[in-house]
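Chemist: Handing you a structure now.
Laboratory data are not the source of any read-out in this text; all were calculated from the coordinates shown. The shown structure was predicted, so the numbers you read here are calculated from the model rather than taken from an experiment. Note: ideal-geometry Cβ built from the backbone for every residue, glycine included; neighbour counts use all protein chains shown.
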Amino acid sequence: MKTRAGHDPRLPIEHHIQDTPQGRELVLSLYTKGCQYRKCSFCSLPTLSALDEDVSAADIKAQIDHAVASCPPAELAVIRRVTVFNSGSTVDQRTLPTEALWHLFDKLAAFPALGEVSLDSRAEFVEDWELDGIKTRLGGRRLTMAVGYETKDERIRNGVLNKGLSEETFQKTAELLAAKGVRLKAYVLVKPDAALTEAQAVDEAAATLEHLLATGRKLGLEVEAHLNPTYVARGSRLEEEFKAKEYRPPRLWSVVDILARMEGKGLPIHIGLRTEGLAVKGGTFRNCGRCDERVSAALRAFTGSQDYGLLKGLDCPCRSRPA
Ligand code: SF4
Ligand SMILES: [Zn+2]
């Protein structure tokens, strides 16, 4: 994998402010040493990182300072949630030194309306002592750990996606989060396997969301799902299947159909339509071309409001055509 040439290590990969059901959210993507795992077949996020190069705690602190300083005071005053990524695992000390993570929480003390912080990580890096340290620094604010679960189907998760995550490890992490009063955000992929038809992909994702809901109920754990329609990332193993015409990304209608199955069940669902500029040409989720923007806009509005009514009136002649 090739890393981004010439990225200034004192600048984050990206940061922006967006609407969520919880209010305004600052999303911060830190530039650090790359994901240690780097084997997931659908992912080329590590290409945004420094890969094997260390990025010092001092440089990461400068990135955090830059993001906070570029947030206009009026915006900073109303930010409810801060989400932090590093194209890997924010609680893996080999990529993001704990000293820099603590600096982040020192800075967040200046956010008067902040109610929640969400951190991305592979499940196996989530540790008892670090959760305690973060929670102490957050005071009474809520902590969410965002973990790539992708699917409840272990054959797809580990055989096809090469995620390297057993159900046992996932459940242990979920138990730890429940015991610590930390929320779980689970990433779920739509159509993660080339062998699935669109209809099967809808069934598969809905079953995964139901499983997450049941896991949360069983453990007394608050769960949110982040549903990502799969896109074909440049340099990923999925790109080879796409080029061989063995894989087509899911239709946006399939995402609408999955949501229709989850209405009224009480699982907050965020739809991830960003590709971080990593998708190959023609390799993103799509509809016929004429309704894509309308359906995407409705899905974005749904994410911000969790209002299923926004998805009800949507239609296009392509919807009933076979995918
Ligand atoms: S999905 Fe996460 S764990 Fe897998 S390679 Fe990408 S960054 Fe690493
Ligand atoms: Zn259409």
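Chemist: As a test, work out the antiparallel percent of DSSP beta bridges whose residues both lie in the chain, rounded to the nearest 5.
Modeler: In the chain, approximately 20 percent of DSSP beta bridges are antiparallel ones.
Chemist: Right, another one. Rank the residues Trp129, Trp102 as a footprinting-exposure proxy: fewest other Cβ atoms within 10 Å of their Cβ go first. Don't skip to the end; give the middle numbers.
Modeler: Numbers: Trp129 8, Trp102 15.
Placing the least packed residue first, the sequence is Trp129, Trp102.
Chemist: Note the per residue figure in Å³ for the convex hull of the C-alpha positions in segment 85-238.
Modeler: Working: hull volume 19.2 nm³, N = 154.
Hull volume normalised by residue count: 125 Å³.
Chemist: Right, another one. Counting Lys and Arg as +1 and Asp and Glu as -1, what is the net charge of the other residues whose Cβ lies under 12 Å from the Cβ of Lys33?
Modeler: Values: positive: Arg38, Arg94; negative: Asp52, Glu53, Asp54, Asp59, Asp92.
Counting the neighbours of Lys33, the net charge comes to -3.
Chemist: A further question on this structure: Calculate one ³J(HN,Hα) per residue across segment 92-105 by plugging θ = phi - 60° into the Karplus curve 6.51 cos²θ - 1.76 cosθ + 1.60, and present them in order as whole Hz with x for glycine and proline.
Modeler: 8, 5, 6, 9, 10, x, 3, 4, 6, 5, 5, 4, 4, 5
Chemist: Compute the distance from the alpha-carbon center of segment 198-223 to that of segment 294-309, in whole Å.
Modeler: The two parts, judged by their Cα centres, are 20 Å apart.
Chemist: For segment 170-246, compute Rh as the Kirkwood radius over C-alpha pairs and then the Stokes-Einstein diffusion coefficient at 10 °C and 1.306 mPa s; write the answer in µm²/s, rounded to an integer. Walk me through the intermediate numbers first.
Modeler: Values: Rh = 14.0 Å.
The Stokes-Einstein estimate is 113 µm²/s.
Chemist: Work out the length of the dipole vector of the chain about its Cα centre, built from +1 on the beta-carbon of each Lys and Arg and -1 on the beta-carbon of each Asp and Glu, and round it to the nearest 20 debye.
Modeler: Details: 45 positive and 44 negative charges, 141 e Å.
It works out to roughly 680 debye.
Chemist: Sticking with this structure for a sec: Would you mind giving the three semi-axes, in whole Å and largest first, of the ellipsoid equivalent to segment 283-323 according to its Cα gyration tensor? Can you show the working numbers first?
Modeler: Details: eigenvalues 75, 31, 12 Å².
Those come to 19, 12, 8 Å.
Chemist: Test of understanding: in a Gaussian network model of the chain with alpha carbons linked when under 10 Å, which of Thr32, Thr230, Thr47 would top the mean-square fluctuation ranking?
Modeler: Residue with maximal mean-square fluctuation among Thr32, Thr230, Thr47: Thr47.
Chemist: When the chain is treated as a GNM, springs tying every alpha-carbon pair under 10 Å, which of Ile60, Ile134, Ile271 comes out with the largest mean-square fluctuation?
Modeler: So, out of Ile60, Ile134, Ile271, the one fluctuating most is Ile134.
Chemist: Normalised by the number of residues in segment 99-148, what is the relative contact order in percent for Cα pairs under 8 Å and 6+ residues apart?
Modeler: On the way: 40 pairs, mean separation 25.4, N = 50.
Worked out over segment 99-148, it gives 51 percent.
Chemist: Along the charge dipole of the chain, Cβ charges K/R +1 and D/E -1, which of Thr284, His226, Ala100 sits furthest on the positive end?
Modeler: Thr284
Chemist: P(r) for the chain, please, calculated from all Cα pair distances in 20 Å bins and given in %.
Modeler: 32, 61, 7
Chemist: Let's see if you can work this out: charge +1 on each Lys and Arg Cβ, -1 on each Asp and Glu Cβ, no other charges. What is the dipole magnitude of segment 176-304 about its Cα centre, in debye to the nearest 20? It would help to have the intermediate numbers written out before the result.
Modeler: Details: 20 positive and 16 negative charges, 59 e Å.
So the magnitude is around 280 debye.
Chemist: Quote the relative contact order of the chain in percent (integer), defining contacts as alpha-carbon pairs under 8 Å separated by 6+ residues.
Modeler: Working: 590 pairs, mean separation 45.7, N = 323.
That works out to 14 percent.
Chemist: Which residues does the label zone of Ala199 cover in segment 283-323, counting backbone N under 12 Å from a point 7 Å along Cα→Cβ?
Modeler: It comes to 322-323, nothing else.
Chemist: For segment 12-129, go through all pairs of different Cα atoms, get the mean of 1/r, take its inverse, and jot down that Kirkwood value in Å. Please report the intermediate quantities before stating the final value.
Modeler: Details: mean 1/r = 0.0685 Å⁻¹.
About 14.6 Å for segment 12-129.
Chemist: Considering only DSSP beta bridges whose two residues both sit in segment 176-304, what percent are antiparallel, to the nearest 5?
Modeler: 10
Chemist: Right, another one. Compare Ala100, Ala146, Ala174 in a GNM of the chain, Cα atoms joined below 10 Å, and give the one with the largest fluctuation.
Modeler: Residue with maximal mean-square fluctuation among Ala100, Ala146, Ala174: Ala100.
Chemist: Something else now. Just the number, please: Stokes-Einstein D of segment 176-304 in µm²/s, Kirkwood Rh from C-alpha pairs, 25 °C, 0.890 mPa s. Write down the numbers at each step before the final one.
Modeler: Details: Rh = 15.5 Å.
D, rounded to a whole number, is 158 µm²/s.
Chemist: Next question, about the same structure. In whole Hz, what ³J(HN,Hα) sequence does segment 234-241 give by Karplus (6.51, -1.76, 1.60; θ = phi - 60°), x for Gly and Pro?
Modeler: 4, x, 8, 5, 4, 4, 5, 5
Chemist: Say the cut-off is 22 Å between C-alpha atoms; which of Lys39/Lys61; Lys191/Lys218; Lys185/Lys281; Lys185/Lys265; Lys39/Lys191 go over it? If you can, show how the numbers build up before the last one.
Modeler: On the way: Lys39/Lys61 28 Å; Lys191/Lys218 27 Å; Lys185/Lys281 29 Å; Lys185/Lys265 16 Å; Lys39/Lys191 19 Å.
Check vs 22 Å cut-off fails for Lys39/Lys61; Lys191/Lys218; Lys185/Lys281.
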